[in-house]
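Bear in mind that the values in this text are calculations on the coordinates, not laboratory data. Since the structure is predicted, the reported quantities are computational estimates derived from the model, not experimental observations. Glycine gets a Cβ as well: all are built from the backbone with ideal geometry, and neighbour counts include every protein chain shown.
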Amino acid sequence: MLARFCSSRTVSTLHALRGNRVFLFGELQRCLSTQTDGEVRIASILKEKFPLASSLKVRDISGGCGAMYEIHIESSEFKGKKTVQQHQLVNQALKDEIQGMHGLRIFTEVPNQ
């Protein structure tokens, strides 16, 4: 049942540790919860800026305090651009949000067509 809500890595870790009665409560709680307000806000901004995005994932990797995010975005709007240019577009879209962050991990891709 956990596989429906959690990443396979989390499920594997939980199964491996179950025998020792050690549970990764924070990770389990995170994978069962909905998106944070910050994740929703950032995703909304990116959806507006990149309407052709075929995939978008925003994850708060700071433990929920909103200090650091990981973004995976796949969009045809990145076609013909170098990775650094793709990242600059994402940074520009989030320029106001970034001011309050400690860090941002960006992963961009162009869809296979």
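Condition check ((1) part of a loop (DSSP other than H, G, I, E, B); (2) over 13 Å from GLU97 (Cβ atoms)) across all residues:
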| position | (1), (2) |
| --- | --- |
| GLY38 | no, no |
| SER44 | no, no |
| LYS47 | no, yes |
| PRO51 | yes, yes |
| SER54 | no, yes |
| LYS57 | no, yes |
| GLY64 | yes, yes |
| GLU70 | no, yes |
| GLU77 | no, yes |
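Considering segment 79-113 alone, what residues qualify as being in a loop (DSSP other than H, G, I, E, B), out of contact with any Asp or Glu (no Cβ under 9 Å at 6 or more places or on another chain) and aliphatic (A, V, I, L, M)?
Residues satisfying the conditions are LEU94, MET101.
Filter segment 58-110 for residues that are of a type in the set (Lys, Arg), free of Cβ contacts under 8 Å to residues at least 24 places away in the same chain and farther than 16 Å from LYS47 by Cα; which is surrounded by the fewest Cβ atoms within 10 Å (Cβ to Cβ)? Among residues in segment 58-110 that are of a type in the set (Lys, Arg), free of Cβ contacts under 8 Å to residues at least 24 places away in the same chain and farther than 16 Å from LYS47 by Cα, the one surrounded by the fewest Cβ atoms within 10 Å (Cβ to Cβ) is LYS82. Each residue in segment 83-105 was checked for being closer than 15 Å to GLU48 by Cα and out of contact with any helix residue (DSSP H, G or I) (no Cβ under 8 Å at 6 or more places or on another chain), and 3 pass.
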